[in-house]
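Written below as structure tokens is the structure these notes are about.
Read the figures in this text as sums done on the coordinates, not as results from a lab. For clarity, every value in this text was computed on a predicted model and none was experimentally measured. FYI the Cβ positions are ideal-geometry reconstructions off the backbone, even for glycines, and counts take in every protein chain you see.
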Amino acid sequence: MAPISKKLCGRPNGSKNKPKSTSRSICQPIESSVKLVTINVVSGKGVMETILDVACCDHVSLTVLNAFGMIKNVIICNPPQGATHPPPFSFAFKLCTSHGQVFDGLIGGSIIVGDNVSLMVSTFKKPNIYKFISEGKEGNNDDNNV
């Protein structure tokens, strides 16, 4: 009688699932998606036009962190008291005079620079947007500000 060949079950020795190494080459620079940029707007130019030019030319979104300089002309649009939300794509700001008066509202036109204005902005590409819902509120409300 011929010996019965036994079929082995399972994996062969040494073939266990081993973690794959995910080494990153040091030669490849990692591009940061957020950058701090200083924008100088010269006398007679529009601040908003300059901001939009930077955003469009570099294909980035941006946030104005700080601005300093003299404004020659601005049109302020004050929303009525009790208004819940500003219109979409609006730009809110606060201006302070040399005498300490503070004006705030939405831009109703352009902001024309009187003397050089320096803007500190952060630019970012393809941001991840997260929606946080505070505890105790129902999750099917689309408005995160209420």
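Worth a mention:
- Evaluated on region 34-124, the Kirkwood hydrodynamic radius is 14.1 Å, with distances taken between all distinct Cα atoms.
- Treating r as the C-beta distance of residue 129 and residue 55 and R0 as 25 Å, the FRET efficiency rounds to 0.90.
- Cβ-based exposure ranking for 135, 49, in which fewest neighbours within 10 Å come first: 135, 49
- Sorted by Cβ density within 10 Å, fewest first, the residues 77, 9, 56: 9, 56, 77
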